[in-house]
Amino acid sequence: MSQYQGDEMDMEGEHGMVEVDDDTYFRGRVMAYSDSDEEEYDDLNGRITDTSAADARRGKDIQGIPWERLSISRDKYRQTRLEQYKNYENIPHSGECSEKERKHTRTGGLYYEFWRNTRSVKSTILHFQLRNLVWSTSKHDVYLMSHFSIIHWSSLNCKRTEVLNVSGHVAPHEKHPGSLLEGFTQTQVSTLAVRDKLLIAGGFQGELICKYLDRPGVSFCSRTTYDDNAITNAVEIYDCPSGAIHFMASNNDCGVRDFDMEKFQLSKHFSFPWPVNHTSLSPDGKLLVIVGDNPDGLLVDSQTGKTVMPLHGHLDFSFASSWHPNGHTFATGNQDKTCRIWDARNLSKSVSVLKGNLGAIRSIRFTSDGQFMAMAEPADFVHVYDAKNGYEKEQEIDFFGEISGVSFSPDTESLFIGVWDRTYGSLLQYNRRRSYSYLDSVL
């Protein structure tokens with residue numbers, strides 16, 4: 001991934017909202033209807049306003065954007081965004097060149113319904129290429145980054161709780177071999193992973209902070225490398241066949257490291273020819289998908305790190321990957337604006353090429369039942385595909401703002417989307433649409 005970090009203002013300039021007229025701001029603001037108004041607050045009651053499903057049914061914009069007060073319509077602004085948003089590419093024209101291979105899908109799917117937009121939960125991004133900062137552990141519980149804080153949001157009781165603050169000094173409360181007892185100060189969290197009761201935060205200097213949510217303090221701190229090129233790009237938590245909990249860290253120093261959380265020790269370390277941006281382990285634990293600063297990805301043996309097969313097809317650097325629960329299908333996301341679907345039984349070419357609207361595919365998630373796949377662009381669009389029926393149809397979730405991450409709840413009932421914007425930053429929640437047609441026969 002790019003060494004450029006940039007602060008939030010710099011990132012807004014590179015990827016922020018396009019300037020349309022006096023009513024639209026470029027520097028990270030989706031819309032503003034007055035220079036003097038504090039957009040985060042309702043004009044009448046002075047508090048942050050959320051949008052519920054009932055509000056949306058009555059015609060309120062899901063993000064609370066007051067289109068009726070603006071000199072531009074939503075449709076016009078959407079068209080402007082599509083025309084002017086600049087996709088970041090490491091290889092010039094990769095997005096244009098990938099167009100000829102795209103699979104044309106039918107839109108209009110309705111798999112997840114809008115439930116709530118919570119503006120009191122501000123999801124943030126630190127590096128413009130890394131968007132794995134939202135994780136759901138149940139249909140009511142989600143964890144996300146908000147500046148220097150890792151936040152837990154309960155949609156059940158609408159309560160926001162700070163889980164970990166890394167703005168100051170963080171040190172482990174437990175003693176384990178290899179743990180840095182001195183800890184870290186002012187960690188810049190680049191990536192996050194939460195599963196069950198374990199939370200792992202990765203930092204810009206190779207930091208790894210491990211916390212069990214049911215224990216006080218931090219359990220383990222480690223630095224993957226002291227290399228200048230040390231950014232932790234992604235973390236994946238998984239269960240070994242033995243039942244032990246492990247996690248894998250993908251780093252900019254070209255390494256993938258596997259940590260045993262039962263022993264709190266590094267168990268494996270693989271090196272590759274280029275910086276690794278994301279790694280995904282197959283459901284049976286035998287294969288790893290490795291993607292990074294190279295158009296070609298790799299399918300490797302998880303025990304040895306040896307390449308099983310290269311993955312040819314993408315035209316730029318990749319930042320996302322995910323396995324389908326069936327164990328032989330997986331997906332990769334790339335800055336060429338595509339998500340490629342692969343079958344591990346025949347890797348001569350990808351099975352499908354799905355294309356975004358604005359930019360790179362920076363996050364991919366499958367539901368635990370394998371029915372749906374979500375792919376997130378850098379901003380404005382999350383696409384939910386019917387994976388069970390060959391990715392022929394999709395639901396396009398359309399909003400405005402940079403995307404910090406997407407996450408299905410483990411039971412598939414909820415989909416959470418982190419939206420980063422200075423004015424309209426929020427957490428979107430969609431709930432799975434169920435067809436209870438059997439009730440019609442009773443009524």
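Can you name the residue in the stretch 147-161 that is under 19 Å from the mean Cα position of the chain (by Cα) and not small (G, A, S) and is also modelled with the lowest pLDDT among such residues?
Checking each candidate, the answer is H147.
Which residues, taken from the stretch 335-349, are over 18 Å from E236 (Cβ atoms) and either open to solvent by 10 Å² or more (accessible area, probe 1.4 Å) or aromatic (F, W, Y) (or both)?
Within the stretch 335-349, K337, D343, R345, N346, L347, S348, K349 qualify.
Give me a count of the residues in the stretch 399-427 that are at pLDDT 95 or above and either closer than 19 Å to A193 by Cα or open to solvent by 70 Å² or more (accessible area, probe 1.4 Å) (or both).
Total satisfying the criteria: 18.
How many residues, within the stretch 48-104, are among the acidic types (D, E) and either touching a residue at least 60 places away in the same chain (Cβ under 8 Å) or outside any helix (DSSP H, G or I) (or both)? Give the steps one after another, and end with the answer.
In the first step, residues of the stretch 48-104 are kept if they are among the acidic types (D, E); the result is 50, 55, 61, 68, 75, 83, 89, 96, 99, 101.
Those left that are additionally either touching a residue at least 60 places away in the same chain (Cβ under 8 Å) or outside any helix (DSSP H, G or I) (or both): 50, 61, 89, 99, 101.
Count: 5.
Among Q205, Q129, which is in a loop (DSSP other than H, G, I, E, B) and either without any contact (Cβ under 8 Å) to a residue 24 or more places away in the chain or open to solvent by less than 10 Å² (accessible area, probe 1.4 Å) (or both)? Full working, then the answer.
Values: Q205 fails: either without any contact (Cβ under 8 Å) to a residue 24 or more places away in the chain or open to solvent by less than 10 Å² (accessible area, probe 1.4 Å) (or both).
Checking each option against the conditions leaves just Q129.
How about the stretch 110-123: which of its residues are open to solvent by 10 Å² or more (accessible area, probe 1.4 Å) and assigned to a loop (DSSP other than H, G, I, E, B)?
Just the residues of the stretch 110-123 that are open to solvent by 10 Å² or more (accessible area, probe 1.4 Å), to begin with: 110-111, 113-116, 120, 122.
Passing the criteria: L110, Y111, S120, K122.
Which pairs have Cβ atoms under 9 Å, sit 6 or more apart or on different chains, and link a residue in the stretch 343-368 that is without any contact (Cβ under 8 Å) to a residue 60 or more places away in the chain and under 18 Å from N389 (Cβ atoms) to one that is assigned to a loop (DSSP other than H, G, I, E, B) and charged (D, E, K, R)?
Matching pairs, first to second residue: S368/D411.
Look at the stretch 155-182 and say how many of its residues are assigned to a loop (DSSP other than H, G, I, E, B) and more than 30 Å from E413 (Cα to Cα). Give the steps one after another, and end with the answer.
Taking the stretch 155-182 first, the residues assigned to a loop (DSSP other than H, G, I, E, B) are 155-158, 166-168, 171, 173-182.
Among the residues that remain, those that are also more than 30 Å from E413 (Cα to Cα) are: 166-168, 171, 173-182.
Residues in the stretch 155-182 being assigned to a loop (DSSP other than H, G, I, E, B) and more than 30 Å from E413 (Cα to Cα): 14 in total.
Filter the stretch 224-239 down to the residues that are over 23 Å from the mean Cα position of the chain (by Cα) and not aromatic (F, W, Y), then identify the one that is surrounded by the fewest Cβ atoms within 10 Å (Cβ to Cβ). Working first, answer last.
Narrowing the stretch 224-239 to residues over 23 Å from the mean Cα position of the chain (by Cα): 225-228.
Filter once more, so that each one left must be not aromatic (F, W, Y): 225, 227-228.
Numbers: T225: 19, D227: 14, D228: 10.
Ranking the qualifying residues of the stretch 224-239, first place goes to D228.
Residue under question is S242, and the condition is that it be at negative phi and part of a strand (DSSP E or B); does it hold?
Values: at negative phi: yes; part of a strand (DSSP E or B): no.
So S242 fails the test.
Which of the residues belonging to the stretch 165-184 are of a type in the set (S, T, Y) and open to solvent by less than 30 Å² (accessible area, probe 1.4 Å)? So that I can check it myself, show each step before the final result.
As a first pass, look at the stretch 165-184 and keep what is of a type in the set (S, T, Y): 167, 179.
Correct list: S179 only.
Considering only residues that are open to solvent by 20 Å² or more (accessible area, probe 1.4 Å) and under 26 Å from S149 (Cβ atoms), which ones fall in the stretch 245-257?
We begin by selecting, within the stretch 245-257, every residue open to solvent by 20 Å² or more (accessible area, probe 1.4 Å); these are 245, 253-254.
Matches in the stretch 245-257: I245 only.
Open to solvent by 10 Å² or more (accessible area, probe 1.4 Å), touching a residue at least 12 places away in the same chain (Cβ under 8 Å) and either under 15 Å from the mean Cα position of the chain (by Cα) or under 23 Å from F330 (Cα atoms) (or both), is that true of A387? If you could, list the steps in order and put the result at the bottom.
Values: open to solvent by 10 Å² or more (accessible area, probe 1.4 Å): yes; touching a residue at least 12 places away in the same chain (Cβ under 8 Å): yes; either under 15 Å from the mean Cα position of the chain (by Cα) or under 23 Å from F330 (Cα atoms) (or both): yes.
So A387 passes the test.
If I ask for residues that are in contact (Cβ under 8 Å) with a residue 40 or more places away in the chain, assigned to a strand (DSSP E or B) and of a type outside the set (V, I, T), which ones from the stretch 255-264 would you list?
The answer is F259, and nothing else.
So T332 fits all but one of (1) within 20 Å of I91 (Cα to Cα); (2) at pLDDT below 95; (3) of a type in the set (S, T, Y); what number is the exception?
With (1) within 20 Å of I91 (Cα to Cα); (2) at pLDDT below 95; (3) of a type in the set (S, T, Y) applied to T332, the lone miss is (2).
Right, E182: without any contact (Cβ under 8 Å) to a residue 60 or more places away in the chain, of a type in the set (D, E, K, R) and closer than 15 Å to L266 by Cα or not?
On the way: without any contact (Cβ under 8 Å) to a residue 60 or more places away in the chain: yes; of a type in the set (D, E, K, R): yes; closer than 15 Å to L266 by Cα: no.
No: the conditions fail for E182.
If the requirement is being free of Cβ contacts under 8 Å to residues at least 24 places away in the same chain, over 18 Å from T187 (Cβ atoms) and open to solvent by less than 10 Å² (accessible area, probe 1.4 Å), which of these qualifies: S242, S267, S302, S282? Explain how you work it out, then say what you get.
On the way: S242 fails: open to solvent by less than 10 Å² (accessible area, probe 1.4 Å); S267 fails: open to solvent by less than 10 Å² (accessible area, probe 1.4 Å); S282 fails: free of Cβ contacts under 8 Å to residues at least 24 places away in the same chain.
It is S302.
Given the conditions (1) under 22 Å from L354 (Cα atoms); (2) of a type outside the set (D, E, K, R); (3) under 19 Å from the mean Cα position of the chain (by Cα), report the number of the one that L299 does not fulfil.
(3)
Take R215 and tell me if it is assigned to a loop (DSSP other than H, G, I, E, B) and surrounded by fewer than 23 Cβ atoms within 10 Å (Cβ to Cβ).
Numbers: assigned to a loop (DSSP other than H, G, I, E, B): yes; surrounded by fewer than 23 Cβ atoms within 10 Å (Cβ to Cβ): yes.
Taking the combined requirement at face value, the residue satisfies it.
The values are calculated or read from the model by the stated rules, or taken from the named source; none is laboratory data. Computed from a predicted structure; not experimentally measured. Glycine also receives a Cβ, built like all others from the backbone with ideal geometry; neighbour counts cover every protein chain displayed. To get the accessible areas, we keep the full protein, side chains included, count just its heavy atoms, and leave off ligands, DNA and RNA. Shrake-Rupley method; radii C 1.70, N 1.55, O 1.52, S 1.80 Å.
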